[in-house]
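**Q** Sharing a structure below in structure tokens format, with a few things to ask.
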Amino acid sequence: MSAGIKTPFVRFTQDACLGGEGHVAHQINNVPYKCCCGGGSFNITNYSPLVRNYHHQQLWKPKKKSKFESKSNRRSSRTVVVVVIVVGSLLKPESPPQQQKSSPMNKRVFTFGKGRSEGNKGMKSLLGGKGANLAEMASIGLSVPPGLTISTEACQEYQMNGKSLAQGLWEEVLEGLERIERDMGASLGDPSNPLLLSVRSGAAISMPGMMDTVLNLGLNDEVVAGLASKSGERFAYDSYRRFLDMFGNVVMDISHSLFEERLQKLKESKGVELDTDLNASDLKDLVEQYKKVYLAAKGEEFPSDPRKQLLLAIQAVFNSWDSPRAIKYRSINQITGLRGTAVNIQCMVFGNMGNTSGTGVLFTRNPSTGEKKLYGEFLINAQGEDVVAGIRTPEDLEVMNQCMPEAYKELEENCKILENQYKDMMDIEFTVQENRLWMLQCRSGKRTGKGAIKIAVDMVQEGLVTTSYAIKMVEPQHLDQLLHPQFEDPSSYKDKVIAHGLPASPGAAVGQIVFSADDAEAWHAQGKSVILVRAETSPEDIGGMHAASGILTARGGMTSHAAVVARGWGKCCVSGCSNVRINDNDKIAIIGDKMLKEGDWLSLNGSTGEVIMGKQTLCPPALSADLETFLSWVDKIRRLKVMANADTPADAQTARNNGAEGIGLCRTEHMFFASDERIKAVRQMIMAATLEQRKAALDLLLPYQRSDFEGIFRAMDGLPVTIRLLDPPLHEFLPEGDIEQIVRELTSYTDMTEDEILSRVEKLSEVNPMLGFRGCRLGISYPELTEMQARAIFQAAINMMNHGFKVFPEIMVPLVGTPQELEHQASLIRDVAEKVFSEMGTSIGYKIGTMIEIPRAALVADEIAEQVEFFSFGTNDLTQMTFGYSRDDVGKFLPIYLSKGILQHDPFEVLDQRGVGQLIKIATERGRAARPSLKVGICGEHGGEPSSVAFFAETGLDYVSCSPFRVPIARLAAAQVAVS
């Protein structure tokens, strides 16, 4: 009997005593009980009495203190009445443990093996991605080493319990372990027939390199001797030294470098380069050295009890969920809402048992190009993490085909099975033990933008997926990668190529060399483009890798940490560049025959693996035929229109080339900065003391504006163009840092003195200019400004119409907060239209609309809608005014808010749906109630952010407008909403 539990007397009624096979004796506080005649079963927890008949999967809850009954006692429905009489004390511990309550109904340990599993691929949130996929592979009959998965809920309970395992979990793990032992015919800790285990983490969303692995768990001095007698001394002690290193580092937080130091010294003393060149005697010596490292670091002997090793490893995996690097990775990738990580415990299979064994990683298609061909790497006589850790530079997968043809043939067949099962390109880890293939992991493979498009298009053409499914396979950031720069002329730098590595992640990057992740982050914060140069990257380098424009490593292959992470982010990466030697202390690198120091310029070609001296010229990439095919599917499915923010004819043409269906925002003020003559005229207008002076300056600006509008109308032939009237405060045309130069210039081409100019500048200065004299307030104060812009728009439209172009101008009044402001400006615009039409002898259709960017405007949208034909939400200003955050000053505190979790996202990048989003909904509903035909869209930066686009589509907006290069991303995001 367990300590703290008083023995009760328990009696079941005869109706409950169905007995027979299938009835299991369940437990109270881990003590088994049966009814008096041997049948039935029940379970009463420490915290609330429950009776459960597992054979019939029926649960009873108490109606009275000591009586439990089902909802029906009809035997025909196979329910039963159970009466439990507890004589003596209630079943309570004398001192209840301070732990999270855990119902026995919540299964937390799920076992699997070839042809059977208690989970499937649909259980990612519970089993993590790795555990769910192991269960799936097992259930479809692939050779998966037997194992068990501890659920993510158990991790969540662990965190809530003050970092201790929930009650009963350890016992569940041991029950699962017994199943593994039966499957393998071996036992954990048995020297004569040892079972060794791997322990891996696995969250619902793949996080490469974030959580660590322990291999060969279960070894100690007695077990390694038994293993040596069965499998040879070299293999046994190689496995043992690996385990000591991994366990010490991952579980006990001892620096890996302390173990690596001993290994390097041993290899140097033996005159060998590779780990595989060490013999059994060398490895025995290394094991003893590793034990001393452990003792020195922890002040205690290495734990020899395999079950204690397992318990500590499970706790370490759970603890790693909250490690700084895991938190940073989730923050960078905006991963939220997960319960925790699962723990996957499997029996070990060994790739380090000689030349008939090995380990590898592959993608079922090329993740960089999308080509339909197995793409991966293989190491003979190696184990587990050797390939991805970059410890040895691996061989191409073709090596496996040559030396292990039967295992390779089975692997090819498994890849076909998995692609058909998952309808996706897969990333697979496998081991061959003495010519027998074992599948260790599968998951959806990370890919580049180019690869993602080709894979999606090819799978549709192969009949594997539908176009709707293919649209969901491509992520918005994949399209973003396709728009990243390439080198303008690769032939021009051939004489500057100083080294070649592996083309780990395509694209081009140019930057200044740094040698540490911290320096990369610091230099990036100063606005510098950097190339991070490392011997190899590790999860601790995540922040610097994200900050860098490109990554160069001396070691590691195409599936190393650097390669996988870089591809996921669309970063240019060249890995495994063996003729790069790095001195971190002196901050220098010898690359080929060149010595480079920190701050020197370097260029990388991630598509070819070239490392190039100096700064090379970059250019935008060309779009492929596959992308055009893919985007044609996108456009057929989506309902939300996608327009672009463009201020010049060149921008407008780029937008059209990228699939924009019009211009959703043309900012007229940007045209004023196009030349010195224009900015002079603007400043004359600002300085004007009289109406006549102001009109004279505006007359100078009118032809510039008209010419620009003509260019934009030409580029957008047949598509609508929304032109926003002057919006920014006038002080922006008189930057404070240039005021002395501006004063000198103004005195040279105006009649004003320096004192008069400075006095005028002083009057224009504002305490809070973003809430001051700007937008429609300018047009109301200076009606001639609105009149000039309207005249330029109508004249340009009619001119282009007369040249055979189809023109659809839409004039947008900014920063409106009251219907009266809008009425004033709309009346002016209509008056100008009539005058221009009369003067030019023809007319043209046009629309007047307004930006909704003041919260009050959103709340009185029904009144505003009576004046206009369209709304466009200016989400940048609407966010600023709703939060009360100044965009110019938010950088001082926003990073702190994000790091502390006060905000999940930067609200100027990702729409705040709970606040700003609700204002958008209110305004849309009220505006359309007043004017059902009202066109509604948005033109802030959020128009190209995928989750924001999804919200706009669900809210019923007609269009989004974003920068020209984000148009394809918005098109895809809109289509994905339509097919979801």
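**Q** Counting other C-beta atoms within 10 Å, which of 223, 465 has the fewest, and how do the rest follow?
**A** Numbers: 223 23, 465 19.
In order of increasing Cβ crowding within 10 Å: 465, 223.
**Q** Here is a follow-up. Cα centroids of region 588-653 and region 137-174: how far apart, whole angstrom?
**A** Region 588-653 and region 137-174 have Cα centres spaced 43 Å from each other.
**Q** Moving on. Mean projection of the alpha-carbon convex hull of the chain over all orientations, in nm²?
**A** On the way: hull surface 201.1 nm².
Average of the hull's projected areas for the chain equals 50.3 nm².
**Q** With the crude spin-label approximation of a point 7 Å out along Cα→Cβ, what separation in nm comes out for residue 355 versus residue 526?
**A** Going by the 7 Å Cα→Cβ label model, 5.4 nm.
**Q** Sequence neighbours fewer than 8 away in the same chain don't count; with that in mind, list the lysines whose C-alpha is under 30 Å from residue 806.
**A** Partners found: 636, 641, 835, 847, 935.
**Q** Which value in deg cm²/dmol, rounded to the nearest 500, describes the helix-derived mean residue ellipticity at 222 nm for the chain, given -39,500 (n - 2.57) per DSSP H run of n ≥ 4 and division by the residue count?
**A** Working: 35 runs with 399 residues, N = 980.
Here the helix-only value at 222 nm equals -12500 deg cm²/dmol.
**Q** Between residue 252 and residue 230, what FRET efficiency comes out of the Förster formula 1/(1 + (r/R0)^6) with R0 = 25 Å and r the beta carbon distance, rounded to 0.05?
**A** Values: r = 28 Å, r/R0 = 1.13.
With a Förster radius of 25 Å, E is 0.30.
**Q** Return the long-range amide H neighbours of residue 873 (sequence gap of 5 or more, or a different chain), with a cut-off of under 5 Å between placed amide H atoms.
**A** Residues meeting the criterion, in which the H sits 1.01 Å from N, are 852, 937, 938, 939.
**Q** Between region 685-747 and region 890-955, how far is it from one alpha carbon centroid to the other, in angstrom?
**A** 30
**Q** Near the amide H of residue 573, under 5 Å away, which other amide H atoms are found, from residues 5 or more places off or on another chain, if H is placed in the peptide plane?
**A** 504, 505, 551, 606
**Q** Hey, what do the phi angles of region 513-525 turn into as Karplus ³J(HN,Hα) couplings, whole Hz, using 6.51/-1.76/1.60 and θ = phi - 60°, x for Gly and Pro?
**A** 5, 10, 10, 9, 5, 4, 5, 4, 5, 5, 5, 4, 5
**Q** Using a simple charge model, +1 on the beta-carbon of Lys and Arg, -1 on the beta-carbon of Asp and Glu, nothing else, what dipole does the chain show about its Cα centre, in debye to the nearest 20?
**A** Once rounded to the nearest 20, the dipole reads 4360 debye.
**Q** So, one more: In region 252-390, if the dipole is taken from +1 on Lys/Arg beta carbons and -1 on Asp/Glu beta carbons about the Cα centre, which of 271, 336, 358 is farthest to the positive end?
**A** Working it through, the farthest residue towards the positive pole turns out to be 336.
**Q** Taking the Cβ of residue 729 as the center, what net charge do the other residues with Cβ under 11 Å away carry, scoring Lys and Arg +1 and Asp and Glu -1?
**A** Details: positive: 774, 777; negative: 669, 727, 732, 766.
Every neighbour counted, the sum reads -2.
**Q** From Cα pairs below 8 angstrom and at least 6 apart in sequence, can you work out the relative contact order of region 358-443, rounded to a whole percent? If you can, show how the numbers build up before the last one.
**A** Working: 140 pairs, mean separation 26.7, N = 86.
About 31 percent, as a whole number.
**Q** Next question, about the same structure. Which entries in 230/291; 114/409; 121/328 show an alpha-carbon gap greater than 21 Å? Working shown, then result.
**A** Details: 230/291 23 Å; 114/409 19 Å; 121/328 27 Å.
Over 21 Å Cα-Cα: 230/291; 121/328.
**Q** Return the subset of 130/446; 308/900; 494/615; 587/892; 270/292 for which the Cα-Cα distance in this structure is over 25 Å, preserving the input order. Each step should come with its number before you reach the end.
**A** Values: 130/446 14 Å; 308/900 35 Å; 494/615 13 Å; 587/892 31 Å; 270/292 20 Å.
Violating the 25 Å Cα-Cα cut-off are 308/900; 587/892.
**Q** Given points 7 Å out from each Cα along the Cα-Cβ axis, report the residue 159 to residue 579 separation in nanometres with one decimal.
**A** 4.8
**Q** Ranked by Cβ crowding within 10 angstrom, fewest neighbours first, how are 130, 230 ordered? Can you show the working numbers first?
**A** Values: 130 26, 230 12.
So the ranking, lowest neighbour count to highest, is 230, 130.
**Q** How compact and how long is region 266-326, expressed as Rg and Dmax of its alpha-carbon atoms in Å?
**A** Looking at region 266-326, its Cα Rg and Dmax stand at 15.9, 42 Å.
**Q** Now for a separate question. Could you tell me the distance between the Cα centroids of region 218-263 and region 448-516, to the nearest Å?
**A** Their Cα centres are 40 Å away from one another.
**Q** What distance in nm lies between label points placed 7 Å from Cα along the C-beta direction at residue 435 and residue 896?
**A** Spacing of the two 7 Å Cα→Cβ label points: 6.7 nm.
**Q** A follow-up question, please. With unit charges on the beta carbons (Lys and Arg positive, Asp and Glu negative) and the dipole taken about the Cα centre of the chain, which residue among 435, 106, 686 sits farthest to the positive side?
**A** Value: 106.
**Q** Ok, one more. Arranged by the count of other C-beta atoms within 10 angstrom, fewest first, what order do 773, 965 take? Walk me through the intermediate numbers first.
**A** On the way: 773 13, 965 18.
Fewest-to-most ranking of 773, 965: 773, 965.
**Q** Further question on the same structure: Starting from the exponent 0.38 and prefactor 2.2 Å, build the expected Rg for region 716-863 from its residue count and divide its actual Cα Rg by it.
**A** On the way: Rg = 18.3 Å, N = 148, 2.2 N^0.38 = 14.7 Å.
In units of the 2.2 N^0.38 Å rule of thumb, it is 1.25.
**Q** From the alpha carbon gyration tensor of region 221-304, can you work out the equivalent ellipsoid semi-axes (sqrt of 5 times each eigenvalue) and give them in Å, largest to smallest? Don't skip to the answer; put the middle values down first.
**A** Values: eigenvalues 78, 60, 18 Å².
So the three semi-axes of region 221-304 are 20, 17, 9 Å.
**Q** I've got another one for you. Using Cα positions and a limit of under 16 Å, work out the aspartates and glutamates in reach of residue 528, with same-chain residues fewer than 8 apart set aside.
**A** Counting by Cα, and skipping residues close in sequence, residue 528 has these aspartates and glutamates nearby: 518, 519, 598, 600.
**Q** Relative contact order of the chain, please, whole-number percent, based on alpha carbon pairs below 8 angstrom and at least 6 residues apart. The partial results should precede the final answer.
**A** Values: 2016 pairs, mean separation 71.1, N = 980.
Relative contact order of the chain: 7 percent.
**Q** Percent of Cα-Cα pairs more than 20 Å apart in region 598-657, please.
**A** I get 56 percent for the Cα pairs in region 598-657 exceeding 20 Å.
**Q** Now for a different question. Given H placed 1.01 Å from N in the peptide plane, which residues other than close sequence neighbours of residue 721 have an amide H under 5 Å from its amide H?
**A** Under 5 Å from the amide H of residue 721 lie the amide H atoms of 663, 808, 810, each far enough along the sequence or on another chain.
**Q** If you don't mind, another one. Relative to the present Cα-Cα distance, how much length would full extension add between residue 925 and residue 843 at 0.36 nm per residue of separation?
**A** 26.2 nm
**Q** At 0.36 nm per residue, and after removing the present C-alpha to C-alpha distance, how many nm does the segment from residue 175 to residue 373 gain when stretched out fully?
**A** Numbers: separation 198, 0.36 × 198 = 71.28 nm, distance 4.19 nm.
Using 0.36 nm per residue and subtracting the Cα-Cα distance, I get 67.1 nm.
**Q** For residue 116 and residue 889, FRET efficiency with R0 = 45 Å and r from the beta-carbon atoms, rounded to 0.05?
**A** After rounding to 0.05, the efficiency reads 0.15.
**Q** So if we plug the beta-carbon distance of residue 327 and residue 753 into 1/(1 + (r/R0)^6) with R0 = 60 Å, what FRET efficiency do we get, rounded to 0.05? Walk me through the numbers on the way to the answer.
**A** Working: r = 60 Å, r/R0 = 1.01.
According to the calculation, E is roughly 0.50.
Read the figures in this text as sums done on the coordinates, not as results from a lab. Treat the numbers as computed from the prediction; the structure is a model and nothing was measured. In this analysis, Cβ positions are derived from the backbone assuming ideal geometry, glycine residues included, and neighbour counts consider all displayed protein chains.
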